[in-house]
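Report on one structure; see the data block that follows.
The values are calculated or read from the model by the stated rules, or taken from the named source; none is laboratory data. Since the structure is predicted, the reported quantities are computational estimates derived from the model, not experimental observations. Note: ideal-geometry Cβ built from the backbone for every residue, glycine included; neighbour counts use all protein chains shown. These accessible areas exclude ligands, DNA and RNA; they are computed on the full protein's heavy atoms, side chains included. Shrake-Rupley method; radii C 1.70, N 1.55, O 1.52, S 1.80 Å.
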Amino acid sequence: MSISMRRLLAEQPFVVLQGAIRDRLERESPIPPDAHVGNASLVHDPRTRGFVEKVYRLYLDVACRYGLPVVMIPQTKFLNREQVAAYDPAMPDLMAEVMEHCRQVRASYGEFAGKIILGALTGCKNDAYKPEEALTEEESYRYHADHTRRLAAQQPDFLYITTMPSVPEAEGLCRLAAETGLEYLVSFVVRPTGCVLDGTPLEEAIRRIDAKTGGNPPFCYCVNCVHPTVLDACLGHFKDRELLTRRLKGYIANPSDLSPEELDGIEELQTEEPERFAEEVTAMHQKYGLKLLGGCCGTDERHMEAIIRRLLELHPQAAR
């Protein structure tokens, strides 16, 4: 099974992505995730494997009820060879296990499985909210090379490069992704000033990465981990509106309007009432033509269903 995100975004008025996964697993799991491989350990541990499946199903079931394509993202970010060896030196292939777990969950949906798009997660080496810790472009290319190529060998539908605080590290990762031949996207954390966290204007980031990835640029760019008010202010700084409309297609929204620095390491769950959140996200869809829509930390299946209902009011033909 292979599903093209590029084609889906061209044909569909919108595509939904799951709500929070990593945040929910970390907060709700009966056993803490491993410090080295994160939530991948919850898939490997028979005591928590069913719990991980349950969280995924909460989102997949919503999309299934409406007959809508939905993106599912396995927890593969922290699975380079060093991290897996630190977790268990005898582990044969934890990445393959995590990917196969999601494939099995997808297959259980029968005919609807053909509408479940499987991504493969990667991102920055260090803290996603601290651009000063980011790698240079060449450091990024070297550090992420093995992990990216192993992800590609798992044959996901696309590579999901997310929560990038720095353009140079994203450039290195995108060059690697382009070399795999797979479709891929890259998503940045941004400020209301129109810039990625490292100070690079988002408009410039898109141009730079498009120029460096030759015949296989990202199928789209996204913004994640910011509130709709932050996104709206950020995109107001775009000078080239055609570039914005053509290349920025995704938004994985945060229900909190706190800054990245305020959110980093915060213990209390930051959320917003689902209907209000859905109204704000849908407004971004209408204003900027954003098509790939999901939720990050602080969201759950209620938020995603509220978004779907509002989107279907605008695009009733999208259901089934």
Of all residues making up region 271-295, the number that are over 24 Å from A10 (Cα atoms) and either open to solvent by 50 Å² or more (accessible area, probe 1.4 Å) or in contact with a strand residue (DSSP E or B) (Cβ under 6 Å, 6 or more places away or on another chain) (or both): 4
E53 vs. criteria acidic (D, E), under 23 Å from I252 (Cα atoms) and either under 18 Å from the mean Cα position of the chain (by Cα) or open to solvent by 50 Å² or more (accessible area, probe 1.4 Å) (or both): yes
So is P217 at negative phi and open to solvent by 10 Å² or more (accessible area, probe 1.4 Å) or not? yes
Could you grab me the full set of residues in region 26-41 that are under 19 Å from the mean Cα position of the chain (by Cα) and over 17 Å from T122 (Cα atoms)? E26, R27
Name the residue that is nearest to the chain's Cα centre (by Cα), counting only residues in region 158-181 that are open to solvent by 10 Å² or more (accessible area, probe 1.4 Å) and more than 19 Å from G214 (Cα to Cα). T162
Of all residues making up region 93-104, the number that are over 20 Å from T148 (Cβ atoms) and more than 22 Å from the chain's Cα centre (by Cα): 0
Subset of region 79-117 [in contact with a strand residue (DSSP E or B) (Cβ under 8 Å, 6 or more places away or on another chain), over 12 Å from L60 (Cα atoms) and open to solvent by less than 50 Å² (accessible area, probe 1.4 Å)]: M99
Could you tell me whether A128 is over 21 Å from V43 (Cβ atoms), of a type outside the set (V, I, T), open to solvent by less than 20 Å² (accessible area, probe 1.4 Å) and part of a helix (DSSP H, G or I)? no
Filter region 13-42 down to the residues that are open to solvent by less than 80 Å² (accessible area, probe 1.4 Å), of a type outside the set (S, T, Y) and free of Cβ contacts under 8 Å to residues at least 40 places away in the same chain and list them by number. I31, P33, N39, L42
Selected residue (only one of V196, V167 is under 22 Å from G298 (Cβ atoms) and either modelled with pLDDT of 95 or more or out of contact with any Cys (no Cβ under 9 Å at 6 or more places or on another chain) (or both)): V196
Keeping to region 152-192, report how many residues are within 18 Å of L8 (Cα to Cα), part of a strand (DSSP E or B) and without any contact (Cβ under 8 Å) to a residue 40 or more places away in the chain. 2
